[in-house]
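Participant: I'd like to ask you about the structure that follows.
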Amino acid sequence: MYNLPNREDWMTPLEIRVLRLERRLVAHRVIVIVLACLLAAGWAERLVQGQGPSGDVLRTKGVIIEDQAGHARILIGTPIPSTGSRQRQDSMDGMLILDAAGLDRVAVGAPASAPFVRGKLYPRVSALSGVIVNDTQGNERGGIGVLDNGRAIVALDRVASEAIGMSADAASGATALTITDASSRPQLALELTASGPRVLVYDSDGKARNIAK
C-alpha cells in the first residue's frame, strides 16, 4: 500500500482533465449497466404476469421483442434467438438491442458479442462479460466489463482504432488509463503498479517518458 498525495497536486491541467474524464466515464458506464438490468427485469416481470399467476416461474429458451412493423428489436436468450431481422448472425448469451435497420446497438452478455468493425468480426483477446455499445453503422465504439483473463476494462473507441482505455488487472493489481492516437499508438498513460504511480508521455517513436518523477 502507498500513502500517495492528492493525484491532482502533481498533475498538469491536461492530466487533471483526463483523470476527471476517467471518473465521469466510469459513472456513465455504471448508469448504463443499471438501466439495462432494470429494463431486463421489467420485461421479465411482464412476461411472467402474462403467463400465469403471480409467483410462477417462466421458463423459455429465448425471447424476441418486435416493433410495430414486426421487426425484431430486442433478443434475449442463452444463446440469443436467431432472426432474419438481424444483419449479423453471430451468437452471444444475454440481451441484444437492435436498431430499425437490424444492426446491433447495445449488447449485455456473458459472454458479450464479438467486436464488429467495418463489416468484419474480430476475436477478443479473452471472452468479455459486460456491456458493449455500437454506433449507427454497427461498429463497436465502447464498452465496460470483465475479461476472462482477469482484467476489468472500460473503453471508448474510434471506428477502427482504440481511443481511451482503462484497465484493472486482478493478478498484478495494476491499473491504467491509456489514450491512443488514430493508429492505436499510446500517447499518454496514467499507471499505478507495485512500483508506484507513473505518468507516461510517448514521443513520435513510441518511446515513453515518465513525467511523474
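Participant: Has segment 70-80 got any residue that is farther than 22 Å from Ser129 by Cβ, of a type in the set (S, T, N, Q) and in contact with a Gly (Cβ under 9 Å, 6 or more places away or on another chain)?
Facilitator: At the first step, the residues of segment 70-80 found to be farther than 22 Å from Ser129 by Cβ are 70-73.
If we keep only those that are of a type in the set (S, T, N, Q) as well, we get none.
Checked against the condition, which is being farther than 22 Å from Ser129 by Cβ, of a type in the set (S, T, N, Q) and in contact with a Gly (Cβ under 9 Å, 6 or more places away or on another chain), segment 70-80 yields no hits at all.
Participant: Would segment 77-96 turn up any residue that is without any contact (Cβ under 8 Å) to a residue 24 or more places away in the chain, surrounded by 14 or more Cβ atoms within 10 Å (Cβ to Cβ) and acidic (Asp, Glu)?
Facilitator: Yes, some residue in segment 77-96 is without any contact (Cβ under 8 Å) to a residue 24 or more places away in the chain, surrounded by 14 or more Cβ atoms within 10 Å (Cβ to Cβ) and acidic (Asp, Glu).
Participant: Identify the residue in segment 152-197 that is hydroxyl-bearing (Ser, Thr, Tyr) and either outside any strand (DSSP E or B) or farther than 18 Å from Ala208 by Cβ (or both) and, among all such residues, is farthest from the chain's Cα centre (by Cα).
Facilitator: Quick first cut of segment 152-197, residues hydroxyl-bearing (Ser, Thr, Tyr) only: 161, 167, 172, 175, 178, 180, 183-184, 193, 195.
Add one more test, that the residue is either outside any strand (DSSP E or B) or farther than 18 Å from Ala208 by Cβ (or both), and what stays is 161, 172, 183-184, 195.
Values: Ser161: 15, Ser172: 22, Ser183: 20, Ser184: 17, Ser195: 28 Å.
Of everything passing the filter in segment 152-197, Ser195 is farthest from the chain's Cα centre (by Cα).
Participant: Spot the failing condition for Gly173; the list is (1) of a type outside the set (Lys, Arg); (2) at pLDDT 95 or above; (3) closer than 26 Å to Tyr202 by Cα, and only one is missed.
Facilitator: Among (1) of a type outside the set (Lys, Arg); (2) at pLDDT 95 or above; (3) closer than 26 Å to Tyr202 by Cα, the lone unmet condition for Gly173 is (2).
Participant: Would you pick out the residues in segment 79-137 that are assigned to a strand (DSSP E or B), among the basic types (Lys, Arg) and touching a strand residue (DSSP E or B) at 6+ places or on another chain (Cβ under 7 Å)? Break it down stepwise before answering.
Facilitator: Here is the first cut: in segment 79-137, the residues assigned to a strand (DSSP E or B) are 94-98, 104-109, 116-117, 120-121, 128-134.
Now narrow it down to the ones that are among the basic types (Lys, Arg): 105, 120.
Answer for segment 79-137, where residues must be assigned to a strand (DSSP E or B), among the basic types (Lys, Arg) and touching a strand residue (DSSP E or B) at 6+ places or on another chain (Cβ under 7 Å): just Arg105.
Participant: Pick out the one residue from Val159, Val201 that is without any contact (Cβ under 8 Å) to a residue 40 or more places away in the chain and out of contact with any helix residue (DSSP H, G or I) (no Cβ under 9 Å at 6 or more places or on another chain).
Facilitator: Details: Val159 fails: without any contact (Cβ under 8 Å) to a residue 40 or more places away in the chain.
Result of the check over Val159, Val201: Val201.
Participant: Go through the residues of segment 170-191 one by one and say whether even a single one is in contact with a strand residue (DSSP E or B) (Cβ under 9 Å, 6 or more places away or on another chain), under 20 Å from Leu103 (Cα atoms) and among the hydroxyl-bearing types (Ser, Thr, Tyr). Before the answer, list the steps.
Facilitator: First pass over segment 170-191, keeping only residues in contact with a strand residue (DSSP E or B) (Cβ under 9 Å, 6 or more places away or on another chain): 170-182, 184-191.
Okay, now just the ones that are also under 20 Å from Leu103 (Cα atoms), so none.
Checking segment 170-191: not a single residue is in contact with a strand residue (DSSP E or B) (Cβ under 9 Å, 6 or more places away or on another chain), under 20 Å from Leu103 (Cα atoms) and among the hydroxyl-bearing types (Ser, Thr, Tyr).
The values are calculated or read from the model by the stated rules, or taken from the named source; none is laboratory data. The model shown is predicted, which means the values in this text are computed figures rather than measured ones. Ideal geometry is used to build each Cβ from the backbone, glycine not excepted, and the neighbour counts take in all protein chains shown.
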